[in-house]
Amino acid sequence: MFRGFVRIVLYLLALVVISSLVILLGKEVVGYKKTVEVPLLVGKDISEVKRILMRKGLELEIEDEVYNAEFPKGSIVRQDIGPGKRVEKGSEIRVVVSKGVEVFSMPSFEGQILEEAKLTMLNLGLKIGKITWVHSDTVEKGRIIAQRPLPGNVRENEVNLLVSLGGYDVSYKCPSFVNMTIDDARMLADALGIKLSEQGEGTRIIFQKPEAGTIIKRGDRVEVTLGRGWGFWF
């Protein structure tokens, strides 16, 4: 009799366990049906994404828009919930949308003094890339000879510059300008790259500083005094 009682109790316990499992599984099934799998949205156009989420019963929230060279304008760059995860119907999926490649308006810096150009670039949000210095007989020292990229609409905001070091230093002995006519002296100075600083009145040079034979460089200044000289220049 006691064994029969125990058997009945065990049957009842088994029945309770089975009933609980059935109820639990039922709830899981019902809960599973209330959730949906998040689809892959990255790389898809925003209009297509709206249709996909609508069919899934999910909401779309655009969290941000950013410039991106990899994804075309209007496509999804990131999504907050990864594809394959299950969420409740009606949940919001937050995304970041591409604004496409950022385009910069690049001005011309050629001919500008480097330091002034740097200030302009800073104000425009442009970056200074590589600066290459080269000698130039035609562009003043410190001025920009060329730039890359060229002026116009560009995809990069970094500018590489070619800047003048001025002409090569050329040294030679200062010629004698004394007794030369001022016209002849000007022609010789131009040919040598010398600048004349003229003082006094007259048609011939009667004095110069520095004196003839002094080592000077191209671009140096020679002071000459004009008067009524009687010498000749051969």
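Values quoted throughout were computed directly from the atomic coordinates according to the rules given, and no laboratory measurement underlies them. All values derive from a computational prediction rather than experimental measurement. We place every Cβ from the backbone using ideal geometry, glycine too, and count neighbours over all the protein chains shown.
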Quiz prompt | Straight-distance crosslink candidates among aspartates and glutamates, where the alpha carbon sits under 15 Å from Lys56 and sequence neighbours closer than 8 are dropped | solution = Glu37, Glu48, Glu88, Glu92
Exercise. Take every Cα-Cα distance within region 171-227, group them into 10 Å bins from 0 onward, and report for each bin the whole-number percent of pairs it holds.
Key: 28, 61, 11
Quiz item: Using the Karplus equation 6.51 cos²θ - 1.76 cosθ + 1.60 (θ = phi - 60°), what ³J(HN,Hα) coupling, rounded to whole Hz, does each residue of region 204-221 give in order, writing x for Gly and Pro?
Solution: 10, 8, 10, 7, 9, 9, x, 6, 4, x, 6, 6, 10, 10, 4, x, 5, 10
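Percent antiparallel among DSSP beta bridges with both residues in region 48-204, to the nearest 5? Before the final figure, lay out the partial values.
On the way: 12 of 25 bridges.
Counting only bridges with both partners in region 48-204, antiparallel ones make up about 50 percent.
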Quiz prompt | Qualifying chymotrypsin sites (Phe, Trp or Tyr not before Pro) for region 105-174 [loop in DSSP, other Cβ within 10 Å: at most 16] | solution = Tyr168
Quiz item: Lys34 to Thr132: extension gain in nm, 0.36 nm per residue of separation minus the Cα-Cα distance?
Solution: 28.8 nm
Quiz item: Amide H neighbours of Ile93 under 5 Å, counting only residues 5+ apart in sequence or on other chains, H built in-plane at 1.01 Å?
Solution: Glu59, Leu60, Glu61
Quiz prompt | Formal net charge of residues neighbouring Arg51 (Cβ-Cβ distance under 12 Å; K, R +1; D, E -1) | solution = +2
Practice problem: Excluding residues fewer than 8 places away in the same chain, name every one of the lysines whose C-alpha is closer than 23 Å to that of Lys141. | Solution: Lys118, Lys127, Lys130, Lys195, Lys217
Quiz prompt | 19 Å cut-off, amide nitrogen to a point 7 angstrom out along Ala69 Cα→Cβ, residues in region 104-126 | solution = 104-107, 125-126
Quiz prompt | Long-range amide H partners of Glu156 with built H, under 5 Å | solution = Phe104
